[in-house]
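Read the structure below first, then the notes.
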Amino acid sequence: LASKSRRIAKVCSYVEAHFTESIVLSDVAELVGMSDSAFSHFFKSKTNTTFIDYVNSLRIAKACQLLSDTNQTVSEICYSSGFNNMSNFIRMFKKKKQYTPNEYRAFMSQILLKISKKGDNILAPTR
């Protein structure tokens, strides 16, 4: 069991370090000494998600962070999050987040604005 969790940890570390690049399943399978199909079954059985879904979820999470924290364009965020196609990025983003990237950014800025306004009220001196 320990070697199996080490394999998952090795794969996750690799993906986190390389998610902005093209990640090929066969390269990752080779990294942990498995065939492609054995690796796919192994990964799904240990994580309850497919390898491709895991990679895409990580990329979407990075995109969410960039949408909230930067003024980069959606196009810049698409490519810096590891996607190589805008329409694929937008479709996948909407599938995972129920918002397009632009809608997500607007929604998050509204939430952050409300939080900062509440924070101002909390810090305001009382008479």
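In table form, for the structure just shown:
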{"quantity": "Inter-label distance for Lys96 and Ala9, nm, one decimal - labels placed 7 Å from Cα along Cα-to-Cβ", "calculated": "2.5"}
{"quantity": "Cα convex hull of the chain - mean projected area over all directions, nm²", "calculated": "10.7"}
{"quantity": "Rounded to 10°, Cα long-axis angle of helix 51-69 versus longest principal axis of the chain", "calculated": "20"}
{"quantity": "Whole-percent carbon and sulfur share, accessible surface of the chain, 1.4 Å", "calculated": "54"}
{"quantity": "Degrees between helix 36-47 axis and first principal axis of the chain (Cα, 0 to 90, nearest 10)", "calculated": "50"}
{"quantity": "Lys pairs under 16 Å by Cα in the chain, provided they are eight or more residues apart or on distinct chains", "calculated": "8"}
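The values are calculated or read from the model by the stated rules, or taken from the named source; none is laboratory data. Since this is a predicted model, take the numbers as computed values, not measurements. Don't worry about glycine lacking a Cβ; one is built from the backbone with ideal geometry, like all the others, and counts go over all protein chains shown. Just so you know, the surface numbers come from the protein's heavy atoms only, side chains and all, with ligands and any DNA or RNA stripped out. Shrake-Rupley method; radii C 1.70, N 1.55, O 1.52, S 1.80 Å.
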